[in-house]
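One structure below.
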Amino acid sequence: MHELTLLYGVVDKVGKVVEENGLDHVDAVVVEVGEATSVIPEFLQDGYEVISDDYEFLRGSELIIERIKAIGLCRNCGTEFPIVANRGLCPECGSFDKEIIDGTDFFIREVRIMEQQKG
Ligand SMILES: [Zn+2]
């Protein structure tokens, strides 16, 4: 499953952040998922719950998924438009010929760490 590969990449990167900052635990990981990627957020969420249990620094943490809208640039008239809301068609001229200019990425935006309580 595609999502698991991405998740192991996330675990790897968060693990490095944890190590570099001398932390022992993170509270949440925020990822951005473009609408134009083939990533299914539900799979990502379910996978995270399973995987995060295997790593001490992730145990009990939360995966926060933020969606980035897929934006198309019409090759016919040059209009920029949200692809999903317009079902892939340019709202100005009705053309299906477009370039996807945003929403194609998957990346970690933030690793959230609460203040570590002592004692
Ligand atoms: Zn157009």
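For this structure, a couple of remarks:
- With respect to the conditions (1) surrounded by fewer than 16 Cβ atoms within 10 Å (Cβ to Cβ); (2) within 22 Å of residue 20 (Cα to Cα), residue 88 falls short on a single one, namely (2).
- Any hit, the stretch 54-69, residues being buried (at least 17 other Cβ atoms within 10 Å of the Cβ) and touching a Lys or Arg at 6+ places or on another chain (Cβ under 8 Å): no
- Scanning the stretch 28-43 for residues that are touching a helix residue (DSSP H, G or I) at 6+ places or on another chain (Cβ under 8 Å) and over 16 Å from residue 110 (Cα atoms) returns 38, 39, 40, 43.
- Residues that are in contact (Cβ under 8 Å) with a residue 40 or more places away in the chain and not aliphatic (A, V, I, L, M) within the stretch 53-94 comprise 55, 57, 66, listed in sequence order.
- Hits in the stretch 88-104 (condition: more than 12 Å from the ligand (Cβ to nearest atom) and at positive phi): 103
None of the figures in this text is laboratory data; all of them are computed from the coordinates on show. Remember, predicted model here, so these are calculated numbers, not experimental data. Neighbour counts run over all protein chains shown; Cβ positions are idealised from the backbone, glycine included.
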